[in-house]
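Visitor: Below is one structure. I have some questions about it.
The values are calculated or read from the model by the stated rules, or taken from the named source; none is laboratory data. None of these values were measured; they are calculated from a predicted model. Here the Cβ is made from the backbone with ideal geometry for all residues, glycine too, and neighbour counts use every protein chain on show.
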């Protein structure tokens, strides 16, 4: 009886693994492999919708159009600065706010007032025009700090704070009580007890959220950057084809553009934009589920 149960359990594991592998393949092939194949295909094949799993008339024309432009690399560097600064601020601000807000009203009397203030900023804002005037009055136009400070977004920061608050609440209180008995203060507890060993899952999770947001966001680049040289990567590749002026193109540039289609160029843009996230995600993925689970809302 025990042997049959063991056999049935193994069969169930095989079936579940097979289903998960098939689901993973269906998730990978359409967005990633098809996009890559399309980006390496010719204009005629892409326009005819003939591209499936493999490139047709394999060529690098779309990538040459992107990579043979110095502005592409400038925008790439601006996006890297934005991600590093934005994720760094998020990494500092979130635990500093979440730790005191994870306490009870008895331990932190102003907790509810501050918490509702954060939630209010998450639900309501002044609108785009006041935001633009604020950035302009602080002389942050055409500055990466406009993208970092505004791009962080109250909604994103507050969501990360709430996630981290509930993570701290799920940690054993006996650890903090023992540290207090030994004479440790709140700063020592936060930076020596909580952040390095215990909070890696939730901090990795909120950092991943911040990295993905800052890398993919393009609207604020259009609003706060008045010159193309200050565009982040997503804003630049979004404007690459739209802003092309045929009257200012050289004969060689016009010839290259005539060999492209919007579909192949867009596929190249999408795939290049995905690469940094695809590189970063595997290193943070192992913390993701654990951080989300322990940081979920606790009744």
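Visitor: Check whether at least one residue in the range 229-249 is surrounded by fewer than 17 Cβ atoms within 10 Å (Cβ to Cβ) and at pLDDT 80 or above, and report yes or no.
Guide: There is at least one residue in the range 229-249 that is surrounded by fewer than 17 Cβ atoms within 10 Å (Cβ to Cβ) and at pLDDT 80 or above.
Visitor: Related question: What number of residues within the range 201-228 are over 20 Å from residue 90 (Cα atoms) and crowded, with 19+ Cβ neighbours inside 10 Å?
Guide: 2
Visitor: I'd like to know if the range 90-103 contains one or more residues that are in contact with a helix residue (DSSP H, G or I) (Cβ under 7 Å, 6 or more places away or on another chain), farther than 25 Å from residue 227 by Cβ and not in a helix (DSSP H, G or I).
Guide: Yes: one or more hits.
Visitor: If you go through the range 155-164 one residue at a time, do you hit one that is surrounded by fewer than 14 Cβ atoms within 10 Å (Cβ to Cβ) and either outside any loop (DSSP other than H, G, I, E, B) or free of Cβ contacts under 8 Å to residues at least 12 places away in the same chain (or both)?
Guide: Yes: one or more hits.
Visitor: Continuing with the same structure: Within the range 186-205, can you find the residues that are touching a helix residue (DSSP H, G or I) at 6+ places or on another chain (Cβ under 9 Å) and either modelled with pLDDT under 80 or outside any helix (DSSP H, G or I) (or both)?
Guide: Scanning the range 186-205 gives 198, 199.
Visitor: Just name the residue that is farthest from the chain's Cα centre (by Cα) out of those in the range 91-110 that are surrounded by 13 or more Cβ atoms within 10 Å (Cβ to Cβ) and over 13 Å from residue 162 (Cα atoms).
Guide: Among residues in the range 91-110 that are surrounded by 13 or more Cβ atoms within 10 Å (Cβ to Cβ) and over 13 Å from residue 162 (Cα atoms), the one farthest from the chain's Cα centre (by Cα) is 108.
Visitor: Do we have residue 221 as over 15 Å from the mean Cα position of the chain (by Cα) and at pLDDT 85 or above here?
Guide: Yes, satisfied.
Visitor: Further question on the same structure: On the basis of being within 25 Å of the chain's Cα centre (by Cα), exposed (fewer than 14 other Cβ atoms within 10 Å of the Cβ) and free of Cβ contacts under 8 Å to residues at least 40 places away in the same chain, does residue 114 make the cut?
Guide: no
Visitor: When you check residue 180 against the structure, is it surrounded by fewer than 16 Cβ atoms within 10 Å (Cβ to Cβ), without any contact (Cβ under 8 Å) to a residue 12 or more places away in the chain, touching a helix residue (DSSP H, G or I) at 6+ places or on another chain (Cβ under 9 Å) and part of a helix (DSSP H, G or I), yes or no?
Guide: Taking the combined requirement at face value, the residue satisfies it.
Residue-by-condition table, conditions (1) in a helix (DSSP H, G or I); (2) surrounded by fewer than 16 Cβ atoms within 10 Å (Cβ to Cβ); (3) modelled with pLDDT of 85 or more:
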position: 27; (1), (2), (3): yes, yes, no
position: 52; (1), (2), (3): no, yes, no
position: 62; (1), (2), (3): yes, no, no
position: 65; (1), (2), (3): yes, no, no
position: 83; (1), (2), (3): yes, no, yes
position: 88; (1), (2), (3): yes, yes, yes
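Visitor: What's the number of the only condition in (1) in a helix (DSSP H, G or I); (2) surrounded by fewer than 14 Cβ atoms within 10 Å (Cβ to Cβ); (3) in contact (Cβ under 8 Å) with a residue 24 or more places away in the chain that residue 79 fails to meet?
Guide: Of (1) in a helix (DSSP H, G or I); (2) surrounded by fewer than 14 Cβ atoms within 10 Å (Cβ to Cβ); (3) in contact (Cβ under 8 Å) with a residue 24 or more places away in the chain, only one is false for residue 79: (2).
Visitor: Within the range 29-50, take every residue that is under 12 Å from residue 268 (Cβ atoms) and outside any helix (DSSP H, G or I) and give me the one that is farthest from the chain's Cα centre (by Cα).
Guide: Residues of the range 29-50 under 12 Å from residue 268 (Cβ atoms): 35-41, 46.
Now narrow it down to the ones that are outside any helix (DSSP H, G or I): 40-41.
Numbers: 40: 26, 41: 29 Å.
So the residue we want is 41.
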